[in-house]
Amino acid sequence: MGEGLSERNKQILEAIIEDYIVTAEPVGSRAVARRHGLTLSPATVRNVMADLEEMGFLTSPHTSAGRVPTDQAYRFYVDSLLAVGRIDKAERERIRKCYSGAGRDIGAVLHETSRLLSSVSHYMGIVLAPRFSSTILRHMEFVKLGGRRILAILVAQNGAVQNRLIESEEDFSATDLVRMSNYLNELLQGHPIAEVRTRILEEMQNEKVLYDTLLSRALRLSEQTIVESGAEIFMEGQTNILDQPEFADVGRMKEVFRAFEEKNQLVDLLDRCISAQGVQIFIGSETHLSHMEGLSVITSTYVSGKNTLGVLGVIGPTRMGYGKVIPIVDYTAKLVSRLLEDE
């Protein structure tokens, strides 16, 4: 795609994309020739634009003589023409300052990250929190409430906490619950939560457990405690998207809101990024999500050691300033990884 483009064609395509990113207005041949100091006549530029349209890089809106870049054009621009710079010093300081007084609650850090990404990029910030099952178990505790109700508290290595209310089949004393917690912590501490259920089932076959009622009851209780929870997603700055001129139409606005309300769709997209290293860019139709036409997603994973914890990124119009947003997403992901690593 784009291999057959001459240098002149690339130059004109880049000029059109960069003009459209700034103005959101269809770009005409005269404007290209004038603004970019090209030593070409508007007629020559017009012929090149017709060729680019035929190749699928440009499209003509009905109401204008100018042209608009297609998803294919942005993909070629990002892959072949764009020189991604470093994040500028002021933005780097602004992002660092946001985290300097950060508390150590991972949820608060990630919520703040979505706000920050939105504020610095002027688009929408999005963060997929680590699934609880992908974390390491630090501590498990059972608290007796009333009757046979027990509050099970799971604490992960990264500080995330999950509480679960259990209706027990038996009436346990507070002392029993403490002994059970101690036994389970010794057995399961330091294991990835995703593996804990398997470990519990294996331990249930242990002869010692078969003869020790308290141990077998502890394992049955812990089995009820470890359940897969849905993914948590933080989003900030949806209105920044609606401020963009291409979404001013009420019908288009409703579609965009629908896309953001279908969180499962967004989770599926971000899940696709978890196994990939570094910055990922999905342009328009590449997201394969309904109602996401005209939107691009730039993401990066954040990690702790060798473990990928989650994904963060920015959603904006396909007309977004990729050269500015890519380094913001990349830098923020590295900073969040460092923050969680220190933790």
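For the reader, a short list of remarks on this structure follows.
- Within region 82-101, considering residues that are small (Gly, Ala, Ser) and not in a helix (DSSP H, G or I), the one most open to solvent (accessible area, probe 1.4 Å): 83
- Selection status of residue 171, open to solvent by 50 Å² or more (accessible area, probe 1.4 Å), among the acidic types (Asp, Glu) and modelled with pLDDT of 90 or more: no
Matching residues to (1) surrounded by 13 or more Cβ atoms within 10 Å (Cβ to Cβ); (2) in contact with an Asp or Glu (Cβ under 9 Å, 6 or more places away or on another chain); (3) at pLDDT 85 or above; (4) assigned to a strand (DSSP E or B):
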| site | (1), (2), (3), (4) |
| --- | --- |
| 150 | yes, yes, yes, yes |
| 162 | yes, no, no, yes |
| 177 | yes, yes, yes, no |
| 216 | yes, no, no, no |
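- Test result for residue 126, aliphatic (A, V, I, L, M), surrounded by 21 or more Cβ atoms within 10 Å (Cβ to Cβ), modelled with pLDDT of 90 or more and more than 30 Å from residue 10 (Cβ to Cβ): yes
- Search result, residues across region 61-81 that are part of a helix (DSSP H, G or I), modelled with pLDDT of 90 or more and either open to solvent by less than 30 Å² (accessible area, probe 1.4 Å) or not charged (D, E, K, R) (or both): 72, 73, 74, 76, 77, 78, 80
- Members of region 292-330 that are under 24 Å from residue 15 (Cβ atoms) and in a strand (DSSP E or B): 295, 296, 298, 316, 317
- Subset of region 225-251 that is touching a residue at least 60 places away in the same chain (Cβ under 8 Å) and part of a helix (DSSP H, G or I) - its residue that is surrounded by the most Cβ atoms within 10 Å (Cβ to Cβ): 241
- Checking residue 319 against (1) open to solvent by less than 70 Å² (accessible area, probe 1.4 Å); (2) among the basic types (Lys, Arg); (3) over 23 Å from residue 72 (Cα atoms), the condition it does not meet: (3)
- Consider region 1-52 and keep the residues that are assigned to a helix (DSSP H, G or I) and in contact with a Ser or Thr (Cβ under 8 Å, 6 or more places away or on another chain). The one that is most open to solvent (accessible area, probe 1.4 Å) is 46.
- One residue stands out in region 252-283 among those that are in contact with a Phe, Trp or Tyr (Cβ under 7 Å, 6 or more places away or on another chain) and within 14 Å of residue 316 (Cβ to Cβ): the one that is surrounded by the most Cβ atoms within 10 Å (Cβ to Cβ), namely 256.
- The residues on offer are 265, 238, 205, and the sole one that is of a type in the set (S, T, N, Q) and in contact with a strand residue (DSSP E or B) (Cβ under 8 Å, 6 or more places away or on another chain) is 238.
The values are calculated or read from the model by the stated rules, or taken from the named source; none is laboratory data. What you are looking at is a predicted structure, and each value in this text was computed from that prediction instead of being measured. Don't worry about glycine lacking a Cβ; one is built from the backbone with ideal geometry, like all the others, and counts go over all protein chains shown. When the accessible area is computed, the model is the full protein with side chains, heavy atoms only, and any ligands, DNA or RNA have been set aside. Shrake-Rupley method; radii C 1.70, N 1.55, O 1.52, S 1.80 Å.
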